Amino acid sequence: MPIDQAPRSRPRQARSRDKLSRILAAAAELLNDVPYDEVGTRLIAERAGISVGSLYRFFPDKDSIARALLLGWLDDLAEIFGQAAACEIPDQPGAFIGQIFDSCADFFRREPGFRNVFYHAQRSLDLEQAQHRNDHDLATRLDDLLRTRYGLSDPGLQARCLIAIRVADYLLGLAFRDQPDGDAIVLNEAKRLLSRYLIS
């Protein structure tokens with residue numbers, strides 16, 4: 001976790017780790033129900049069952065909590081590719097790409113607060129750098145899966161995978177901006193676009 005995104009106090013004791021987990025869980029729950037600008041540290045502390053002073057031991061403000069949540073969610077999104085690699089995959093690469101995209105869309109739907117933070121939280125340089133690293137890691141995984149599982153051998157595939165990851169990120173953001181379940185037309189067209197681009 002980048003230094004300016006990390007909690008002020010790195011918890012060593014179980015009690016402190018529990019408080020940190022409760023802060024993050026409470027923030028995620030609140031952000032699922034309340035507009036970003038209306039969520040504050042006092043409200044988060046109240047939902048977590050701790051004092052505001054205890055919260056400030058870990059985070060200086062709401063934005064730092066949101067950034068910590070986003071970093072954790074980036075890791076969770078990366079796990080989708082790990083799970084895909086471990087499961088039985090479709091016979092056709094286009095169906096596989098669609099399956100991964102659907103899993104990412106499901107993440108937007110089910111994760112408390114993700115959409116709210118995704119669209120409204122302040123972005124720091126370290127967070128942007130973390131997302132770029134995540135994009136490159138996902139592109140490498142996708143490239144490896146397409147080569148090992150489907151025998152694709154295009155030398156430009158890895159570059160296309162990175163572009164596809166970034167396009168998918170934009171299209172997911174577009175699909176869920178105004179619709180909690182995602183715009184079905186945008187999601188379906190995104191899968192078609194990504195499949196054709198990567199397999200052409």
Please go through region 149-165 and give me each residue that is among the hydrophobic types (A, V, I, L, M, F, W, C) and either open to solvent by 80 Å² or more (accessible area, probe 1.4 Å) or touching a Pro at 6+ places or on another chain (Cβ under 6 Å) (or both), ordered by number. ILE163
Only one of LEU142, LEU146 is in contact with a Cys (Cβ under 7 Å, 6 or more places away or on another chain), farther than 25 Å from VAL34 by Cα, open to solvent by less than 80 Å² (accessible area, probe 1.4 Å) and of a type outside the set (Lys, Arg). Can you tell me which? LEU142
Just one listed residue, out of GLN158, GLN179, GLN99, is at pLDDT 90 or above, outside any helix (DSSP H, G or I) and more than 17 Å from GLY72 (Cβ to Cβ), and it is GLN179
Subset tally (residues that are touching a residue at least 40 places away in the same chain (Cβ under 8 Å) and within 11 Å of the chain's Cα centre (by Cα)) for region 76-112: 6
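Let's see how each residue does on (1) more than 30 Å from LEU145 (Cα to Cα); (2) open to solvent by less than 70 Å² (accessible area, probe 1.4 Å):
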{"site": "SER51", "(1), (2)": "yes, yes"}
{"site": "GLU79", "(1), (2)": "no, no"}
{"site": "ALA84", "(1), (2)": "no, yes"}
{"site": "GLU111", "(1), (2)": "no, yes"}
Can you spot a residue in region 55-77 that is over 18 Å from ALA121 (Cβ atoms) and either open to solvent by less than 20 Å² (accessible area, probe 1.4 Å) or at pLDDT below 90 (or both)? no
Pick from region 109-141, criterion in contact with a Leu (Cβ under 6 Å, 6 or more places away or on another chain) and closer than 24 Å to SER195 by Cβ, ranking: modelled with the highest pLDDT: ALA139
Options ILE65, ILE89, ILE50: the member that is among the β-branched types (Val, Ile, Thr) and either under 14 Å from ALA28 (Cβ atoms) or part of a helix (DSSP H, G or I) (or both): ILE65
Checked against (1) over 27 Å from CYS161 (Cβ atoms); (2) surrounded by 19 or more Cβ atoms within 10 Å (Cβ to Cβ); (3) not β-branched (Val, Ile, Thr), GLY98 satisfies every condition except (1)
Which listed residue, of ALA28, ALA95, ALA78, ALA66, is among the aliphatic types (A, V, I, L, M), touching an Asp or Glu at 6+ places or on another chain (Cβ under 7 Å) and closer than 24 Å to TYR170 by Cβ: ALA78
Output the qualifying pairs, or none if there are none: Cβ atoms under 6 angstrom, residues six or more apart or on different chains, first residue in region 21-45 and on the phi < 0 side of the Ramachandran plot and surrounded by fewer than 18 Cβ atoms within 10 Å (Cβ to Cβ), second residue modelled with pLDDT under 95 and not in a helix (DSSP H, G or I). GLU29/PRO112; ASN32/PRO112; ASN32/GLY113
Residues of region 126-135 that turn out to be out of contact with any Pro (no Cβ under 9 Å at 6 or more places or on another chain) and exposed (fewer than 14 other Cβ atoms within 10 Å of the Cβ), as a count: 3
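The values are calculated or read from the model by the stated rules, or taken from the named source; none is laboratory data. What you see is a predicted model, and the numbers here were worked out from it, not measured in a lab. Counting neighbours? That spans all protein chains shown, and the Cβs are built from the backbone with ideal geometry, glycine included. With ligands, DNA and RNA removed, areas are computed over all heavy atoms of the protein, side chains included. Shrake-Rupley method; radii C 1.70, N 1.55, O 1.52, S 1.80 Å.
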